[in-house]
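Below is one structure, written out as structure tokens; comments come after it.
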Amino acid sequence: MVNHAKSNATKKKEARDDTNARMEEALRAYALGQTKPKVERQGLRSVVSKHRVAFKTLGRLYKGGTSISEFNATKQKLTPAEEQVLVDFLVESADRGFSLDNTGIEQEANEILKSPQGIGYESVGHNW
């Protein structure tokens with residue numbers, strides 16, 4: 001929005017996205033460098049300083065590790081598509097004058113989870 005300050009959450013998300021993009025670029029550069037002959041290879045430290053990323057993280061990712069963002073995505077109960085369905089429903093309900101409280105939102109999220117998984121679904125929980 002024009003002339004509006006960004007929230008702290010938005011600032012953190014943008015910083016995280018920037019860091020992830022730099023890390024992916026550094027990982028590609030390092031992996032490409034490892035295919036070259038030994039005398040032409042660029043070391044891990046030089047790639048890290050060029051792309052401004054964490055040394056240990058880049059090394060771990062190169063060896064097949066997962067990033068924090070990828071790991072946290074595995075803990076999500078709703079897929080991004082299901083989250084969007086929930087958000088659309090909440091916005092439409094609010095536009096009609098029926099905004100939901102936290103309990104109502106939790107119930108709707110559980111209904112979304114229950115539909116494809118049947119009776120044995122795991123609910124989102126109280127602190128969701």
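The values are calculated or read from the model by the stated rules, or taken from the named source; none is laboratory data. In this text, all values refer to a predicted model and were calculated from it rather than measured experimentally. Note that we place each Cβ from the backbone using ideal geometry, even for glycine, and neighbour counts take in every protein chain shown. Calculation scope for accessible area: heavy atoms of the full protein, side chains included, ligands and nucleic acids excluded. Shrake-Rupley method; radii C 1.70, N 1.55, O 1.52, S 1.80 Å.
Quick one: of K38/K63; K13/K56; K12/K56; K36/K75, which pairs are farther than 28 Å apart, Cα to Cα?
Cα-Cα > 28 Å for K36/K75; rest within.
Quick one: accessible area per residue over the chain, 1.4 Å probe, rounded to a whole number of Å²?
Per residue, the chain has an accessible area of 78 Å².
At 222 nm, what helix-only mean residue ellipticity would the chain give, in deg cm²/dmol to the nearest 500, using -39500 (n - 2.57) for each DSSP H run of four or more?
Rounded to the nearest 500, the figure is -20500 deg cm²/dmol.
Just grab the label-to-label distance for F98 and E24, each label 7 Å out from Cα along the Cβ direction, in nm (one decimal).
In this crude label model, F98 to E24 measures out at 3.9 nm.
What is the sum of charges around L61, taking Lys and Arg as +1, Asp and Glu as -1, for the other residues whose C-beta is under 14 Å from the C-beta of L61?
Cβ neighbours under 14 Å give a net charge of +2.
Using a 1.4 Å probe and ignoring any ligands, DNA or RNA, find the accessible area of T10 and quote it in Å² to the nearest 10.
My reading of the accessible area for T10 is about 60 Å².
Between K36 and K12, 0.36 nm times their residue separation minus their Cα-Cα distance comes to what?
5.0 nm
Quote to one decimal, in nm, the extra length available between A73 and V91 on full extension: 0.36 nm per residue of separation minus the C-alpha distance between them.
Result: 4.1 nm gained on full extension.
How many angstrom separate the Cα center of the range 1-28 from the Cα center of the range 51-66?
19 Å
At 7 Å along Cα-to-Cβ for each site, give me the label-to-label distance between V2 and A81 in nm.
Taking the two extended label points, one gets 3.7 nm.
Identify all aspartates and glutamates with a Cα-Cα distance to K6 below 13 Å; exclude those on the same chain that are fewer than 8 residues away in sequence.
E14
Grab the other residues whose beta carbon is less than 13 angstrom from that of K114, score K and R as +1, D and E as -1, and report the net.
Once all neighbours under 13 Å are counted, the net charge is -4.
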